[in-house]
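To keep things clear, I will list the structure first and then write my remarks on it.
Bear in mind that the values in this text are calculations on the coordinates, not laboratory data. Fair warning: this is a prediction, and the values are worked out from it, not measured in the lab. Every residue, glycine as well, gets a Cβ built from its backbone with ideal geometry; the counts of neighbours run over all protein chains shown.
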Amino acid sequence: MWRTLGICEDDWQQTPPAVQSKLRSQYHEAHSLRLRSVSYQGQIASLIEPAALIERLNRRIASQQKQIVDLQQQLTDTTRQSAEITRLKSEITVLKEKLGQNSRNSSLPPSSDSPFRQPVVRREPSGCKQGAQTGHAGFGRKLKSVAEVDRIADLRPDTCSSCGSLLLGVDNFPARRQIIEITTTGTLLTEYRRHALRCLSCRRINRAAWSEQARGGAFGSKVIAVIGYLTGRLGISHRDAKDAMQELFAVKLSLGSITAVQKRLSQTLAAPVAALHELVERELVSLVDETSWKEKQTKPWLWVKATKRATVFRILPGRSRKDAKEIISTNEKGFVTSDRYPGYNHLREANRQICWAHLKRDFQAIAERQGDSKLIGEGLLERSRQLFRLWQKVRDGTLEKAEFQKLIEPIKEKASELLFAGTLSTHSKTRNTCSNILKLELSLWTFTRVEGVEPTNNQAERALRRAVMWRRKSFGTQSEVGSQFVERILTVVTTLRQQGRSVLDYLKKACVAGAAGENLSGLGFQAI
Ligand SMILES: [Zn+2]
């Protein structure tokens with residue numbers, strides 16, 4: 001024990017026994033205490049360990065609970081998203097369906113079909129021309145029964161063409177043609193019967209000639225004129241014209257007949273239209289404009305040339321200077337109003353008038369740009385307003401031309417200054433427009449110098465508008481003959497309206513005269 005307490009043997013031997021005994025008892029007490037303490041520590045440790053474990057477990061549970069909450073939240077979100085996806089999917093299906101809807105798979109009208117979504121019909125070209133084929137029997141006009149005929153006209157040969165003998169008898173099976181015509185009280189169906197008679201002297205068979213009326217198809221002159229009016233003046237479709245003829249006049253015809261009638265009318269109008277071209281050629285002042293056209297697969301241009309007394313149309317292959325020269329008079333003294341299209345740039349500046357309605361639109365574009373361009377554009381717009389105000393007074397007779405010429409001078413000067421300022425603008429578009437206009441400066445003011453020249457191209461534009469509506473409704477023409485009909489009927493209709501005359505009345509007269517074989521140049525437009 002004393003060794004454990006670090007006491008050497010000699011010291012221990014010299015320690016009194018009472019002290020030794022006290023030390024011994026204290027040593028044992030301490031030892032026992034130490035043992036107990038170790039045991040307590042073990043007990044404490046065994047008590048502490050589960051608590052820590054519990055705490056650790058609690059923490060894990062808490063963390064797992066949090067994870068569960070998070071996962072539950074995620075699950076809720078996913079469920080919601082999945083419902084949203086399902087809803088959107090069904091919406092897409094509905095929309096897709098709607099997008100694909102057209103007149104063929106829904107109750108939508110054909111007019112609502114997009115021109116860009118026309119189904120591509122992949123059909124091999126048959127190599128046949130459009131329309132009825134040669135040898136096609138046609139749904140054509142069957143002859144009506146005699147009971148339905150209003151009038152019979154027998155055409156008999158009088159004398160033998162070979163020996164001059166008088167021909168006698170009747171042909172029991174004459175060739176027959178029926179012509180329907182509109183009258184003031186309704187319709188009249190005439191049957192022409194062409195007899196073939198054998199000469200009793202020389203045995204030669206003599207056939208009578210068809211009369212003029214029976215020569216050109218199944219329709220009378222007035223029927224042709226009315227169809228020309230419906231399609232040419234009112235611009236209604238062939239189908240509607242067919243319907244109108246049935247409803248208004250009880251005249252039944254096929255769509256093919258409408259085309260045939262137009263062709264015949266076109267031939268009738270050839271001479272009067274040629275006369276109009278000559279008339280227009282002689283006019284000193286004209287207005288020219290052009291718009292795109294469609295003839296089968298090609299894209300020609302429809303040109304118009306309007307003058308004071310007449311307006312003519314031509315469908316030409318293009319829009320080039322060559323085409324412009326074709327329509328514009330070769331008369332070098334003539335004056336032409338047009339827009340700034342470069343196709344007209346071959347014209348002499350002094351003989352050209354640039355349309356101020358177009359210039360006004362150019363100025364508007366300049367004014368809509370910012371900075372200096374805005375100021376220049378507004379200045380130019382103001383000058384054009386002043387110009388139009390003065391010109392209105394000239395037109396209604398409240399301002400003398402000489403006075404107008406004085407008043408226009410400061411406007412001209414200011415416009416010139418503004419255009420020059422425009423060539424220095426910070427906007428490149430404004431610079432270009434102003435330079436291009438300045439190149440044609442002399443042509444801006446021809447109307448102030450030359451009698452009869454107007455400051456705008458409105459007359460030509462108005463004339464073209466009807467043609468544009470026609471093209472939209474009919475999708476252009478299908479053949480050269482069809483385009484020729486368009487040129488001629490537009491020329492006739494526009495000129496007649498310009499002269500304040502009845503289109504239907506003229507067409508009737510022209511068709512009657514044409515059917516009677518009269519020379520139609522005598523039906524010139526100045527004549528009636
Ligand atoms: Zn004879």
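If we count every other residue with Cβ under 11 angstrom of ILE224's Cβ, Lys/Arg +1 and Asp/Glu -1, where does the sum land? Charge balance near ILE224 sits at +3. Each Lys and Arg contributes +1 and each Asp and Glu -1, all at the Cβ; summed about the Cα centre of segment 5-65, the dipole is approximately 480 debye. Summing Cβ point charges (Lys, Arg +1; Asp, Glu -1) relative to the Cα centre of segment 356-449 gives a dipole of roughly 200 debye.
Looking at the square roots a ≥ b ≥ c of the eigenvalues of the Cα gyration tensor of segment 332-482, which shape do they give, rounded for a/c under 1.5, prolate if a/b is larger than b/c, or oblate? Provide the component values of the computation, followed by the final result.
On the way: a/c = 1.87, a/b = 1.30, b/c = 1.44.
Oblate is the answer for segment 332-482, as a/c is 1.5 or above yet b/c matches or exceeds a/b.
Length, then width, then depth: along the principal axes, the Cα atoms of segment 148-215 run 46, 21, 14 Å. Shape of the chain from the C-alpha gyration tensor: oblate (a/c of 1.5 or more and a/b not above b/c, with a ≥ b ≥ c the square roots of its eigenvalues). SER384 sits among other residues whose Cβ lies under 12 Å from its own Cβ, and their net charge, with Lys and Arg +1 and Asp and Glu -1, is +4. Taking the Cα centroid of segment 22-70 and of segment 193-212, what is the distance between the two, rounded to the nearest whole Å? A separation of 144 Å, based on Cα centres. Do the alpha carbons of any pairs in LYS374/LYS429; LYS222/LYS294; LYS299/LYS473; LYS296/LYS325; LYS308/LYS401 sit beyond 21 Å of each other, and which pairs? From the list (LYS374/LYS429; LYS222/LYS294; LYS299/LYS473; LYS296/LYS325; LYS308/LYS401), the Cα-Cα distance tops 21 Å for LYS222/LYS294; LYS296/LYS325. With all projection directions averaged, the alpha carbon convex hull of segment 144-295 covers 14.3 nm². Note on the chain: helix-only mean residue ellipticity at 222 nm, from DSSP H runs of 4+ residues weighted -39500 (n - 2.57) and normalised by residue number, equals -17500 deg cm²/dmol. Shape class of segment 397-510 from the alpha-carbon gyration tensor: oblate, with a/c at 1.5 or above and b/c at least as large as a/b. Over all other residues within a Cβ to Cβ distance under 15 Å of GLU84, the charged ones net out to +1, with Lys and Arg as +1 and Asp and Glu as -1.
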